[in-house]
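Every read-out reported here was derived from the displayed coordinates using simple, explicitly stated rules and does not represent laboratory data. Predicted model only: the values in this text are computed from it and were never measured. Virtual Cβ from ideal backbone geometry, glycine too; neighbours counted across all protein chains shown.
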Amino acid sequence: MRQRFICILVWVLVLVPVTGWPRVRNEELVTVTDTSFTVTWATSEPSLGRVRYGASAKARDQVAEESGQPTRFHYVEVKGLQPGTAYFYGCESGREKGHRRQLSPGKLTTLTPPPGKLLFTFAIMSDAHVMEDVAGLFVLPVSWLPPVNQGYTWRYPIHNYWQFTNEAAVEDINQSPASFTVVTGDLTSWFTEPEFKVVKQILDQLKQPYYVLRGNHDRVEKYPEDYFLKVFGLKQGWYSFDHQGFHFVCLDDNRLSDGFEAFPEEEFQWFERDLESHRQMPTFVFVHRPIGAGWIDVYKEIRGRFLSILSRNPQVVGVFNGHSHRAKVTTVPETGSLPHIEVPSTKEYPVGYALVRVYQGGFMYNFFETHCDDCREWNDITRGENFHQAPRMLMKSLEDRNVIYHFPASARVLISPEKFGP
């Protein structure tokens, strides 16, 4: 009888976690650059995390340790790696080890930068949704029906999630080498003048210039003025600028009355003229909706004309947008290998921003999660969005968050070594 009791006790201790044990969950390999990678996870109890890594699964003989105070929401960046090199890794908290998952496979290969000199870096933020009350609210397209779910709110109403997530992204970008930032729309939630002023106050904390696009949440509707234009001092919703021999086009694909997709004839004609007059400059295009991917609220006629214009302008080397809140890279037959890159939301899962490093031979795109304490906890909370399918729907593959694109010959000839020096 005694032996039987001891056996049962042993099995209970093995199968049932000890109270306070920092069990590892929700591991994600978020970012892989040419010299670093980042792993995030959560634990049931506060602890300090670490990542063991090395050249093989059996030789993970190097350790990157988390700094600061013990936490339940972990963010470890492994630095000083070699480009184009395979690494194996595993995360740990206390004596608990992580497990291989779809979003954390336990192995990776660092990126190999495009050829040539690094010319400059720029940042992208998307879907700030300042003054939003509830995140992840799912509503039906019938006004009198209640929301399908309750959504997610932060426990500190005085300093809400849209505030600390966007402020953290600004702080991280200020610590990066970014020469400027592009914000790809949905700056506000209800398109009021106070909202635009608040988001401008947040973006004004950027140390380098920034450029904003209008999203469907930034419409005019019945207000007497276009507050998007007024607050940011713009003459119209579409414009362009240049930086170090590259051209950047910011577009507006929103109907002012209701936020549905619209692309006025005036804007289409301007877009064609602008690209025509900058054929000798490699060009990046920014628009709020994933037009290239054919998102659900993208009209077929607008998409066709948009892609037709791009196909006639081989100097365009990248298209970036927000709106979908997901990480996704799309190529379409109409524009060949041109990448159409969707940048996830700054204000909710996966909570971050992107950096684009531009080389003479191409660009490297990486999505980074912000790592402020509240950001990490909010990231973990809003993983439950889309009926707990947010990781599957919004993070997609590692290659959708970390991209190497080599400029085609039509663009490379526009970038001479002499123009930028040795």
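The angle between the Cα long axis of helix 300-311 and the main principal axis of the chain comes to about 80°, on a 0 to 90 degree scale.
What value, in deg cm²/dmol to 500, does the helix sum -39500 (n - 2.57) over DSSP H runs of n ≥ 4 give at 222 nm once divided by the residues of the chain? Before the final figure, lay out each step's value.
On the way: 11 runs with 94 residues, N = 422.
Value at 222 nm, helices only, nearest 500: -6000 deg cm²/dmol.
Between the Cα long axis of helix 2-15 and the first principal axis of the chain there is an angle of about 10°, rounded to the nearest 10. Once the Cα atoms are used to define both axes, helix 265-276 deviates from the longest principal axis of the chain by about 90 degrees. In this structure, the residue pairs whose Cα-Cα separation is over 24 Å, taken from Lys58/Lys97; Lys200/Lys222; Lys79/Lys347; Lys117/Lys396; Lys230/Lys328; Lys58/Lys79, are Lys79/Lys347; Lys117/Lys396; Lys230/Lys328.
For region 118-420, a crude dipole built from +1 on the beta carbon of Lys and Arg and -1 on the beta carbon of Asp and Glu, taken about the Cα centre, is about 680 debye to the nearest 20. Panel order for Val39, Val329, Val356, by other beta carbons found within 10 Å of each beta carbon, from fewest to most: Val329, Val356, Val39. Candidates (1) 1.01; (2) 0.96; (3) 0.98; which is the computed Rg/Rh (Cα atoms, Kirkwood Rh)? Of the labelled values, this structure produces (1). Rounded to the nearest 5, the antiparallel percentage of DSSP beta bridges internal to the chain is 75%. Which of Ser257, His243, Thr346 sits closest to the plus end of the dipole of region 118-420, meaning its Cα is farthest towards the positive end, when Lys and Arg get +1 and Asp and Glu get -1 on the C-beta? The residue sitting most towards the positive pole is His243. The overall shape of region 19-109 is prolate: from the C-alpha gyration tensor, with semi-axes ordered a ≥ b ≥ c, the ratio a/c is 1.5 or greater and a/b exceeds b/c.
Around Glu272, under 13 Å between beta carbons, what's the net of Lys plus Arg minus Asp minus Glu among the other residues? If you can, show how the numbers build up before the last one.
Details: positive: Arg273, Arg279, Arg305, Arg312; negative: Glu265, Glu266, Glu267, Asp274, Glu276.
Around Glu272, the surrounding residues sum to -1.
Positive-end ranking of Phe164, Phe286, Val231 along the dipole of region 118-420, with charges on Cβ about the Cα centre, is headed by Phe286.
Around the Cα centre of region 19-109, unit charges on the Cβ atoms of Lys, Arg, Asp and Glu (plus for the first two, minus for the last two) sum to a dipole of about 340 debye.
Ranked by the mean number of other Cβ atoms within 10 Å of their residues, highest first, the peptides 177-190, 252-265 come out as 177-190, 252-265.
Given +1 on the Cβ of Lys and Arg, -1 on the Cβ of Asp and Glu, and no further charges, what dipole in debye does region 37-187 carry about its Cα centre, rounded to the nearest 20? Could you put the intermediate results ahead of the total?
Details: 13 positive and 14 negative charges, 182 e Å.
Dipole magnitude for region 37-187 comes out near 880 debye.
Going by the alpha-carbon gyration tensor, a ≥ b ≥ c the square roots of its eigenvalues, is region 139-255 rounded (a/c under 1.5) or, if a/c is not under 1.5, prolate (a/b greater than b/c) versus oblate? Oblate, because a/c is 1.5 or more while a/b does not exceed b/c.
Sort the following peptides by mean Cβ neighbour count (other Cβ atoms within 10 Å, averaged over residues), highest first: 389-400, 359-370. Numbers along the way, then the final one.
Numbers: 389-400: 16.7, 359-370: 21.8.
Ranking, from highest mean packing down: 359-370, 389-400.
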